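Written out below as structure tokens is the structure these notes cover.
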Amino acid sequence: MFNKILIANRGEIAVRVIRACNELGIKSAAIYSDADKTSLHTRMADESCYIGNSPAHDSYLNKEKIIRLAKDIGADAIHPGYGFFSENADFIKALEKNRITFIGPSSKSVSLMGSKTEARKLMDKNKVPIVPGTTEAIESVKDGLIISKEIGYPVLLKAAAGGGGKGMRKISSSDEFESAFEATKREALKSFANDDIYIEKYVENPRHIEVQIFGDKHGNYVHLFERECSIQRRHQKIIEEAPSSFVDELTRKKITSAAVAAAKACGYYNAGTVEFLMDSKKNFYFLEMNTRLQVEHPVTELITGLDLVKEQISVAAGNNLSFKQSDLKINGHAIECRIYAEDPSNNFLPSTGTLIRYIPPSGPGVRVDSGFDSGSQITVHYDPLISKLVSWSDTRESAISRMLRALSEYVIGGLITNVSFLKIIIDHPSFRKGEFDINFLNDEFMQNLMSQADIKYIKEIERVSAIFAAILKSKSSINKLHAGQTDSLNHWQEQMYE
Ligand code: ADP
């Protein structure tokens, strides 16, 4: 096993990895930027090292500095979390050269799956069904028009190096092709420094179903069942659950076998996720493989009883997988909500500032993976994810009741969050019945929502938060508030959020 693990990340995922290190008796080393000097992960690790200015490219994305630091402090492995360097083949290669173990897959698997066109080619060759479309980048508008006609509109133009829901454009007819082609290329170049784009059939109203897989360095593979992540806004997941209420036993068998075949095809080891779109007839198509730990891994942990981060560390150290496929079964149902500091009534604009008061929910069947606590700052520099709230129960229905109870208990003062918005979705009759697809939160839904009485609640929170912000602005920090004033703020705030 390792002696010391450097965690090349921040926020809730850094805290999650620190917890796994603590349980394994491995020393943890955190890195932090200016903005994270007093962050939870910085305080929780056995050792914390300053890495640079707040912008990510000066700190969490400074490859040379991170590797040098790992060597200086004697870390024998690096856990990348998700985002930042988690899917960066050059970073993994540099670690290989410096004899530091990367807690994740090989650079080869990451490169293979990093290009959506290469991944599609490989899957096609290995009989994993892919969304109809091209496996090569489109060279010209003329070629694209011919191919789109063959596939049949609507089609989706996608960046080969895409991620995070960016670099995708739906085209409904040939008239729209040329301008969409140019715009998608421009966006791809800007976001991913690579303007290769390809075409996929636009699958109408599918569900997003993904399979957690795990491999070790000795050629053993397992799947950890599926997760459903169809509740998305602008192609970004907000609510995830396991198992999917849509997947029956036979479909589960087929899709999990396809996922294991996908993992084998790229010689994968460590934790990975194979993502699929599933149509109303339960046909499924490979979308992409994420070669890292997913944000939504806790729902899988809760239904399998496994600790995926500890398993990642063990597999990276060269151990065999600690379980076999036949040891695994689905136990109950788990749902995860991503808690963001953002304003649903103002186009989900990130809400930055101080978490004046932070009391996460607890009680039976509730897990909160937080990166912050009272007094923490949410800044403009990083993703405004505050935490992941996860509920578990023996049935989906009772996991929903628990989630609603937990969302109602959440006390987050000083910032606008999406908690009320999440409550509305979780309590929606269609969500409760499991009748939804990736377009559930479409424009129509959002417009209806904004005109409903429910949104008044969100607007009220916004109003109160704005007053908080104004009060805070007039003080240099929460610590300087008079004790009496803080108490009355807390009291007021509690009433609003409960
Ligand atoms: P990213 O890597 O940016 O996350 P993905 O290829 O994983 O992109 O797709 C993200 C989401 O975009 C999917 O979950 C789905 O909602 C939507 N999407 C992607 N491809 C298609 C498609 N061919 N048809 C319909 N929706 C799609």
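Bear in mind that the values in this text are calculations on the coordinates, not laboratory data. Because the structure is a prediction, the values reported are computed rather than measured. Quick reminder, even Gly has a Cβ in these numbers, built from the backbone with ideal geometry, and neighbours come from all protein chains shown.
Dividing the Cα radius of gyration by the Kirkwood radius, what Rg/Rh value follows for the stretch 132-201?
My calculation puts Rg/Rh at 0.92.
Determine the gain in length on full extension of the stretch F323-N220; use 0.36 nm per residue of separation and subtract their C-alpha separation, reporting nm with one decimal.
Contour length minus the Cα-Cα distance gives 36.1 nm.
Could you give the length gained by full extension between N22 and S173, i.e. 0.36 nm per residue of separation minus their alpha carbon distance, to one decimal place?
48.8 nm
What FRET efficiency, computed as 1/(1 + (r/R0)^6) with R0 = 30 Å and r the Cβ-Cβ distance, is obtained for K264 and D90, rounded to the nearest 0.05?
0.75
From the phi of every residue in the stretch 364-371, what ³J(HN,Hα) in whole Hz does the Karplus formula 6.51 cos²θ - 1.76 cosθ + 1.60 yield, where θ is phi - 60° and glycine or proline is x?
Values, residue by residue: x, x, 10, 10, 10, 9, 10, x Hz.
Hey, if you put +1 on the Cβ of every Lys and Arg and -1 on every Asp and Glu Cβ in the chain, which of N53, Y221, I78 ends up farthest toward the positive end of that dipole?
Going by the Cα projections, it comes out as I78.
Could you tell me the extents of the chain's C-alpha atoms along the three principal axes, largest first, rounded to whole Å?
Projected onto the principal axes, the Cα atoms of the chain cover 69, 57, 45 Å.
Which whole-number percentage describes the relative contact order of the stretch 194-317, with Cα contacts under 8 Å and a sequence gap of 6 or more?
28 percent
To make sure I understand the rule: partners must be lysines, Cα under 18 Å from the Cα of K71, and not fewer than 8 residues away in the same chain. Which ones qualify?
Those lysines meeting the cut-off are K4, K27, K63, K93, K97.
How big is Rg to Rh over the stretch 210-448, alpha-carbon atoms, Rh as the Kirkwood inverse-mean-distance radius?
Rounded to two decimals, Rg/Rh equals 0.97.
How big is the charge dipole of the stretch 4-103 about its Cα centre, in debye rounded to the nearest 20, if each Lys and Arg gets +1 on its Cβ and each Asp and Glu gets -1 on its Cβ?
Taking the Cα centre of the stretch 4-103 as origin, the dipole is about 160 debye.
Quote the charge dipole size of the chain about the Cα centre in Debye, to the nearest 20; the model charges only the Cβ of Lys and Arg (+1) and of Asp and Glu (-1).
780 debye
Taking 0.36 nm per intervening residue step and subtracting the Cα-Cα distance, what contour gain separates K108 from N3 on full extension?
Taking K108 through N3 to full extension adds about 35.2 nm, to one decimal.
Once Lys and Arg get +1 and Asp and Glu get -1 on their Cβ, which of A30, T134, I438 lies farthest toward the positive end of the dipole of the chain?
A30
Would you mind checking the pairs K121/K254; K142/K185; K108/K253 and listing those with alpha carbons more than 18 angstrom apart?
In this structure, K121/K254; K108/K253 lie more than 18 Å apart at Cα.
What does the charge dipole of the stretch 132-201 about its Cα centre add up to, to the nearest 20 debye, if the Cβ of each Lys and Arg holds +1 and the Cβ of each Asp and Glu holds -1?
260 debye
Explain nothing, just the number: relative contact order of the chain, from Cα pairs under 8 Å at least 6 residues apart, as a whole percent.
Over the chain, the number comes to 13 percent.
Can I get the semi-axes of the stretch 4-103's equivalent ellipsoid? Compute them from the C-alpha gyration tensor as square roots of 5 times the eigenvalues, in angstrom, largest first.
18, 16, 12
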